[in-house]
Amino acid sequence: MSTVLKLQLPTDPRWVNLAEKSLEEILTDHAYCEQKAASTCISLIQQYPDHEELVEELAPIVTEEWGHFRMVLRELKKRNLKLGRQRKDEYVGFLLKFIKKGGSREEQLMDKLLMAGLIEARSCERFKLLWKEIGDEELSKFYYQLMVAEAAHYTLFLNLARTYMGKERVKARWEEWLAYEEEIMDKLEVRGDRMH
């Protein structure tokens, strides 16, 4: 999966074991990740309403991501667990620093789309680990479904970036994003209470 997604550094295998021991925390963090994914799509539509293809492609993703949020809530409820407070996402914080300041409106859009694609790719990789490794059979099936959805989202964000900025520019910038994300993953602490 990491090869398909082009991620440069796979998730530390210890992460799944830690996540399994912190189900309430990991599900809470996951719920907010889905909520933020919906918000990101809404924000892109608000910032780029003149980009018709973007609006048409992202509008259904808002609904889908919000649906995922509700699905995670159901998983919490099934296990008599509570949705905790949203916590700072260090991973996303580091990614935001890599968005180029200044530049054209289109360049800003490219970076926002590539960042969204990268987050979806890493989520997809982690969902695959949960699907394959977690002991809870219901959660395993749940994460298989989400893995498939996130893979489609990752592709969508990259394709939208190519639509507006061209294949070559996107390819060069995507390589930079992948290298930067590898550095982040290398220095972030392995935590079982965070999806990223």
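Throughout, read-outs are computed from the coordinates displayed, never taken from laboratory work. Computed from a predicted structure; not experimentally measured. Methodologically, a virtual Cβ is constructed for each residue, glycine included, from the backbone with ideal geometry; neighbour enumeration extends over all protein chains shown.
General observations
- Here the peptides 183-190, 66-73, 171-178 are ranked by packing, the mean other Cβ count within 10 Å, and the order with the highest first is 66-73, 171-178, 183-190.
- Straightening the chain between SER39 and TYR180 buys 48.4 nm, computed as 0.36 nm per residue apart minus the Cα-Cα spacing.
- Contact order normalised by residue count of region 22-187, Cα under 8 Å, 6+ apart, percent: 22
- A straight chain from ALA152 to LEU9 at 0.36 nm per residue would run longer than the Cα-Cα distance by 49.4 nm.
- Test item: Cα-centred dipole of the chain, Lys/Arg +1 and Asp/Glu -1 on Cβ, debye: 400
- For region 45-106 versus region 134-175, the gap between their alpha-carbon centres in whole angstrom: 13
- Helix content alone sets the calculated 222 nm mean residue ellipticity of the chain: runs of n ≥ 4 DSSP H residues at -39500 (n - 2.57) each, divided across all residues, give -26000 deg cm²/dmol.
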